[in-house]
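Below is one structure, written out as structure tokens, with a few remarks after it.
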Amino acid sequence: MSEVKEQDRQKDEAGQAAIKRLSKPIKGWTLLAQAFTVLSAVLSFVPYLALVWLGDIFLSAQGSGEAINAMQVHKVVRLLIMAFLSKLFFHSLSLIITHFADMKLRFLIRQSIVERLSRVPLAWFSQTDSGKIRNAVQDDTKTVHTVVAHAPVDMLNAILAPVVLLVFLFVLNWRLALIGISTIPLYFLLQWISMKDMGPKTAEMNGHLAEVSSTMIELVAGIKVVKAFAKTGEAHQNYSKAAAAFSKSYWEWCAPLIGLCSIAGELISAPLLLFINLAGGAWVMGRGLATLPQVLACTLIAIVLPVAISSVANITWSYQMAGAAAIRLCELMDTPIIPEAQTLQKPKDLVVEVKELTYSYGDTQALKGVNLTLKPNTITALIGPSGSGKSTLATLIARFDDPETGSICLGGVDLRKLSSKELYDKIAFVLQDPMLLHASIRRNISLAKPNASMEEVRKAAKIAQIDEFIMSLPKGYDSVLGTDCSLSGGESQRISIARAILADAPILIMDEATAFADPDSEVEIQKALSALVQNRTVLVIAHRLNAILGADQIAVMEEGKIIALGTHEELLQQPHYQALLKQGGFENKR
């Protein structure tokens with residue numbers, strides 16, 4: 001149990017350090033806002049001083065039977081108005097500054113995240129929950145807003161203003177001051193008892209909340225599959241367990257505190273403070289040790305003091321919540337990037353050479369000493385059972401990540417010595433998931449060539465067998481996917497193929513684009529692919545063996561190794577290839 005508390009304490013400290021790190025770019029703005037907050041807090045006692053002066057003027061006039069001195073009253077009222085407006089001006093100005101600083105910080109954080117994610121290995125995206133990225137970019141930046149736009153001002157004001165008022169109380173009448181703060185020490189004692197483990201407990205709660213959020217996103221994302229296979233009950237179990245763990249942890253923390261917090265709240269409630277201060281003030285005044293204006297001013301201050309003090313607890317809670325959000329943002333901003341060489345080279349040709357390649361996912365060895373050469377204008381097919389390393393090899397050739405050992409060269413140059421632009425000018429992809437944007441069809445096709453003319457876009461679409469369908473839509477190529485139209489799997493795939501055609505890269509990586517297409521769509525896709533592969537170096541991950549029978553070379557993979565390499569005819573006697581043929585129902589194709 002002590003280890004858990006220590007971990008939660010470390011999370012709390014890490015959260016505060018993350019907030020400090022994120023706030024560093026706007027430190028100057030924060031200090032300026034706090035300077036105006038100091039001026040606002042210093043002026044907080046003036047309205048009460050004016051109240052006492054006005055009371056003394058009126059009582060003096062009543063006691064002497066003389067007329068009220070209008071000039072004195074006007075002077076005090078002007079002081080009151082000026083002090084109030086100045087206090088309001090300085091406080092508003094400080095909040096305006098921190099809100100502008102917050103907007104700047106949000107922009108900087110999101111810009112930093114986008115810049116970072118543009119340089120991370122593409123494989124990272126397939127290994128990372130998209131919900132976590134969305135939460136960080138949208139929700140976590142909003143959570144941090146409170147401690148950036150409000151906390152620096154509100155916390156300082158909540159500490160300084162009560163100090164100024166307290167000093168004023170004792171200067172005005174120390175006896176009334178003692179009566180006014182009589183319940184506050186007990187309030188602080190109860191608050192300290194209830195908040196002593198707040199940091200670690202909040203860190204623990206945030207951990208449970210993150211688990212609830214993750215399982216909920218997982219449940220919603222897979223709801224179609226869940227319902228299709230009647231596994232709704234099982235799918236809810238992870239979410240239910242996470243929710244139950246959060247509920248239990250929260251109740252164990254908060255239940256014992258309900259009584260303490262209720263008592264603490266009553267100690268600074270307005271009715272109790274009014275009773276104590278008015279009764280105590282009447283007693284002091286009856287002994288000639290205070291005036292009525294002093295009693296009224298001290299009573300009003302006594303009511304205001306706890307409100308300012310209690311806001312410190314709320315801001316502290318905001319810091320705890322923002323700490324977890326700040327950690328997630330910092331982790332995203334620290335995501336390891338794929339390095340780019342200082343001295344870049346250009347490939348001398350289009351030969352792709354894979355040499356002694358090894359790669360792991362954590363403890364799982366995905367590739368082991370792989371060697372393969374892709375010659376220009378040839379088709380190489382990768383086949384093998386699921387988990388044999390086909391997709392991993394293909395993505396490494398596209399530099400979705402870097403290998404642990406070995407190298408991949410394009411035109412005699414290691415991919416790590418090529419610029420990203422140089423590499424992706426040479427390599428294009430057609431994957432099972434087309435990954436289309438919520439944008440116009442024209443924008444989706446011209447993604448790799450944004451300045452392409454409409455004629456070029458339509459030419460690529462015609463080759464991909466999709467132009468006729470697009471032109472049948474009311475808005476044609478300006479139709480926004482997901483808003484103006486919805487595409488079938490085959491139509492989406494042909495948009496993806498049109499995109500690859502327009503990119504016109506000499507090397508093409510395909511992850512069996514027809515694997516999940518319906519028969520009608522498959523015919524159209526095959527026509528499009530036939531046009532696409534012309535005069536290109538093609539690496540295809542084959543899920544249907546009839547797609548690779550005409551390949552120039554077939555690489556048979558198993559357990560991260562290439563165990564056989566050759567043409568269809570050359571591999572017919574190879575046991576693993578025979579097994580794959582039999583498994584695919586092609587044993588008669590010999």
Exercise. Within segment 321-333, track down each residue that is open to solvent by 80 Å² or more (accessible area, probe 1.4 Å) and touching a residue at least 24 places away in the same chain (Cβ under 8 Å).
Key: Arg328
Quiz item: Can you pull out the helices (runs of 4 or more DSSP H) entirely within segment 43-139 that have at least 2 residues that are at pLDDT below 80?
Solution: 46-64, 122-127, 130-134
Self-check item: Subset of segment 441-453 that is under 20 Å from Gly490 (Cβ atoms) and open to solvent by 20 Å² or more (accessible area, probe 1.4 Å) - its residue that is nearest to the chain's Cα centre (by Cα)
Solution: Leu447
Quiz prompt | Options Asn157, Asn173: the member that is in contact with a Cys (Cβ under 8 Å, 6 or more places away or on another chain) and open to solvent by less than 40 Å² (accessible area, probe 1.4 Å) | solution = Asn173
Practice problem: Return a yes/no flag: does segment 45-57 have any residue that is among the aromatic types (Phe, Trp, Tyr), farther than 30 Å from Leu32 by Cα and surrounded by 12 or more Cβ atoms within 10 Å (Cβ to Cβ). | Solution: yes
Exercise. Using the structure shown, decide if Pro339 is under 30 Å from Thr141 (Cβ atoms), touching a helix residue (DSSP H, G or I) at 6+ places or on another chain (Cβ under 8 Å) and not in a helix (DSSP H, G or I).
Key: yes
Self-check item: Breaking point among (1) touching a residue at least 24 places away in the same chain (Cβ under 8 Å); (2) more than 29 Å from Ala41 (Cα to Cα); (3) not aromatic (Phe, Trp, Tyr), for Gly286
Solution: (1)
Quiz item: Looking at segment 162-269, what helices (runs of 4 or more DSSP H) fall wholly within it and have at least 3 residues that are within 30 Å of Ala136 (Cα to Cα) and at pLDDT below 75?
Solution: 198-221, 223-228, 232-267
Quiz item: Do any strands (runs of 3 or more DSSP E) lying entirely in segment 349-393 carry at least 1 residues that are at pLDDT below 90 and surrounded by fewer than 14 Cβ atoms within 10 Å (Cβ to Cβ), and which ones are they?
Solution: 352-361, 364-374
Practice problem: Quick one: Phe469 ticks every box in (1) buried (at least 16 other Cβ atoms within 10 Å of the Cβ); (2) closer than 30 Å to Val351 by Cβ except a single one, so which number is it? | Solution: (2)
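The values are calculated or read from the model by the stated rules, or taken from the named source; none is laboratory data. Predicted, not measured: the structure shown is a model, and the values here were computed from it. Glycine also receives a Cβ, built like all others from the backbone with ideal geometry; neighbour counts cover every protein chain displayed. Side chains are part of the model used for accessible areas, which takes the heavy atoms of the whole protein and leaves out ligands, DNA and RNA. Shrake-Rupley method; radii C 1.70, N 1.55, O 1.52, S 1.80 Å.
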